[in-house]
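Engineer: One structure coming up, written as structure tokens, with questions to follow.
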Amino acid sequence: MDTDTMARQPLACKVCGTMFTPEYGDKRRMFCTKQCSTKYGRRMIGRHHRHRARYHGVEYEPIRVYEVFERDGWKCQMCGRKTPKQLRGTFKPNAPELDHRIPMAMGGGHLWDNVQCACRECNGRKGGRSAVGQMPLFINGL
């Protein structure tokens, strides 16, 4: 028996449970195929806020980000600047981002009343502080 096969132990795929043996030099591989890797990645989409809310022990309700942006008229609720839809996900200073008025780390929940549209620049400047900006345009989603 050569040392190459002794060093490689069969592993169970994280998605489907199929046993596979990683190739030499690929010790950290967790998936049997590219399809399982992609499937695992898709499961994680949309879970970021729910996990953060659970971590900080605050309330959580599912929120559609684009509905919040529509509610706020695609304007930053702190400085009033327009945040164009096509800039979402970019690094431009006026790219729209979801902001928590009272940060989750300070006890604010991921709730419809506590989120607002903010430009990337204002959201970055505010950080984890509870800054008072413009008064919310809508209260309780009305």
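The values are calculated or read from the model by the stated rules, or taken from the named source; none is laboratory data. From a predicted model like this one, the values you see are computed outputs, not experimental measurements. Cβ: placed from backbone, ideal geometry, glycine included. Neighbour counts: every protein chain shown.
Engineer: Could you say which residue among PRO62, PRO10, PRO22, PRO84 is at pLDDT 95 or above and over 22 Å from SER130 (Cβ atoms)?
Structural biologist: The conditions single out PRO84.
Engineer: Which of the residues that make up the stretch 103-128 are in a loop (DSSP other than H, G, I, E, B) and either buried (at least 16 other Cβ atoms within 10 Å of the Cβ) or in contact with a Lys or Arg (Cβ under 7 Å, 6 or more places away or on another chain) (or both)? Walk me through it before giving the result.
Structural biologist: Start the filter on the stretch 103-128 by keeping residues that are in a loop (DSSP other than H, G, I, E, B), which leaves 103, 107-109, 111, 127-128.
Matches in the stretch 103-128: PRO103, GLY108, GLY109, LEU111.
Engineer: Please determine, by comparing only the residues of the stretch 100-142 that are under 22 Å from TYR55 (Cβ atoms) and among the basic types (Lys, Arg), which one is modelled with the highest pLDDT.
Structural biologist: By that ranking, first place goes to ARG101.
Engineer: Has the stretch 40-58 got any residue that is at pLDDT 90 or above, assigned to a loop (DSSP other than H, G, I, E, B) and within 26 Å of SER130 (Cβ to Cβ)?
Structural biologist: The answer is yes; a qualifying residue exists.
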